[in-house]
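Have a look at the structure below, then the notes.
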Amino acid sequence: MRGLARIVALSAVLALAHLAPARAADTIRLAVQKTGTFSWELATIRANGLDKEANLSLAVTELASTEAGKIAMRAGNADIMLSDWLWVSRERSLGAKLTFYPYSSALGAVMVPASSPIKTLADLRGRKLAVAGGPIDKSWLLLQARMKQDGIDLKSDATIVYGAPPLLAAKALDGEMDASLNFWNFCAQLEAKGFRRLAGIEDILPKLGAKGPVSAVGYVFDETWAAGHRDAVARFIAMTRKAKQLLVTSDAAWEKVAPLTGTTDAAMLKTYRDRYRDGIPRRSIDDEEADARVLYRVLAEVGGRDLVGPAPELDPGTFYHAVPGD
């Protein structure tokens, strides 16, 4: 009888355990640019239930620009957003303890029409060059630094036209520019329309001291928040890795992404897909950080305090290192 009583008691305990509610999902608030590629990743996560698998609840606020995301982060209205390590390091030098984890190494490129006589970067002398992002855009500063190694000062040796990325892409298509330096997704648009990549910014990085692809854009969050949510952050990053792996290996996964790209053109969708895949980080955090430190010095020299603020070196806490396997 005693044995039977134990079995009944154990069965009751197991039944209660089975009926007990699962641990509530951790909520992470994301500030996401509505037209940005982060929305592509989130669509993949949701379509494949990766958020539920990671026991995360993703509260997404869609914003019009990256600047709006920075405001949300500063105001404490978002836990994670996308930005670059340059901004994170600058903010840290000003007292905001943000930190960065790689999201993408996709960078812009210098694009020219397919029939253009421009064959090398040196041929940009005397030409009209459109530059997206303004005079202290990272890609523009890195291009200037590379050309100065060959004795060419593009700011004075070429006619520079600054403007918004979509406007400059349209002007390039209309033939108003000899060449354009634009963000990677607008370069993909031009490439799908028959333009030629004269040089990708990633191609010039080795000449500036980098040993591999460098993730310019990453997930940004407050290090104090991360310390209090270490496991949730690890699960978030593991979840995004799975999403990226799906986008690398499965063309079918892009069916969920396609409506978010703003195009139904098959050639453009393929170029978006290929360039996005090229930009997925595959290096260790230590290697990423070492190269970012080298490039930060280059950018600080060319862009000065207007770009980096009071810090001549990348802040030591800029890169987040607390993820298993990194």
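The residues of region 309-322 that are in contact (Cβ under 8 Å) with a residue 24 or more places away in the chain and either out of contact with any Phe, Trp or Tyr (no Cβ under 7 Å at 6 or more places or on another chain) or of a type in the set (Gly, Ala, Ser) (or both), listed by number, are Gly309, Pro310, Ala311, Asp315, Gly317, His321, Ala322. Within region 180-191, restricting attention to residues that are outside any helix (DSSP H, G or I) and not aromatic (Phe, Trp, Tyr), the residue that is surrounded by the most Cβ atoms within 10 Å (Cβ to Cβ) is Ser180.
When region 40-81 is limited to residues that are among the β-branched types (Val, Ile, Thr) and in contact (Cβ under 8 Å) with a residue 40 or more places away in the chain, the one that is farthest from Thr263 (Cα to Cα) turns out to be Ile80. Counting only residues that are of a type in the set (Gly, Ala, Ser) and outside any helix (DSSP H, G or I), which one in region 247-278 is farthest from the chain's Cα centre (by Cα)? This residue is Ala252. The set of residues in region 214-233 that are in contact with a helix residue (DSSP H, G or I) (Cβ under 8 Å, 6 or more places away or on another chain), modelled with pLDDT of 95 or more and either among the small types (Gly, Ala, Ser) or outside any strand (DSSP E or B) (or both) comprises Val214, Ser215, Gly218, Ala226, Val233.
If only residues of region 75-85 that are out of contact with any Phe, Trp or Tyr (no Cβ under 7 Å at 6 or more places or on another chain) and among the aliphatic types (A, V, I, L, M) are counted, the one that is nearest to Arg29 (Cα to Cα) is Ala78. When Asp174, Asp203, Asp157 are checked against the criterion of being in contact with a strand residue (DSSP E or B) (Cβ under 9 Å, 6 or more places away or on another chain) and either within 15 Å of Leu143 (Cα to Cα) or assigned by TED's automatic domain parsing to the domain that holds Trp140 (or both), Asp203 stands alone in meeting it.
Evaluate the following for Trp140: is it surrounded by fewer than 21 Cβ atoms within 10 Å (Cβ to Cβ) and of a type in the set (Phe, Trp, Tyr)?
On the way: surrounded by fewer than 21 Cβ atoms within 10 Å (Cβ to Cβ): no; of a type in the set (Phe, Trp, Tyr): yes.
No; evaluated as a whole, the condition is false for this residue.
Filtering region 163-179 to residues that are surrounded by fewer than 19 Cβ atoms within 10 Å (Cβ to Cβ) and part of a loop (DSSP other than H, G, I, E, B) leaves Ala164, Asp174, Gly175, Glu176.
May I ask you to verify whether Leu168 is within 30 Å of Arg29 (Cβ to Cβ) and not charged (D, E, K, R)?
no
Would you call Gly212 within 22 Å of Arg277 (Cα to Cα), surrounded by fewer than 22 Cβ atoms within 10 Å (Cβ to Cβ), more than 25 Å from the chain's Cα centre (by Cα) and not aliphatic (A, V, I, L, M)? No, not satisfied. For region 135-162, the set of residues classified as in a loop (DSSP other than H, G, I, E, B) and either farther than 14 Å from Asn182 by Cβ or in contact with a helix residue (DSSP H, G or I) (Cβ under 8 Å, 6 or more places away or on another chain) (or both) consists of Pro135, Ile136, Gln149, Asp150, Gly151, Ile152, Asp153, Ala158, listed by residue number. In summary, strands (runs of 3 or more DSSP E) completely within region 67-112 and bearing 1 or more residues that are among the acidic types (Asp, Glu) occur at 81-84. In the condition set (1) surrounded by fewer than 18 Cβ atoms within 10 Å (Cβ to Cβ); (2) in contact with a helix residue (DSSP H, G or I) (Cβ under 7 Å, 6 or more places away or on another chain), Asp251 is compliant with all but (2). Applying the criterion of being small (Gly, Ala, Ser) and more than 17 Å from the chain's Cα centre (by Cα) to the residues of region 15-46, the residue that is modelled with the lowest pLDDT is Ala17. Looking at Arg230, Arg197, which is the one that is within 19 Å of Ser104 (Cβ to Cβ) and among the basic types (Lys, Arg)? One residue alone meets the criteria, Arg197.
The values are calculated or read from the model by the stated rules, or taken from the named source; none is laboratory data. This is a predicted model, so every value here is computed, not measured. With ideal geometry, Cβ positions are generated from the backbone for all residues, glycine too; neighbour counts draw on all protein chains shown.
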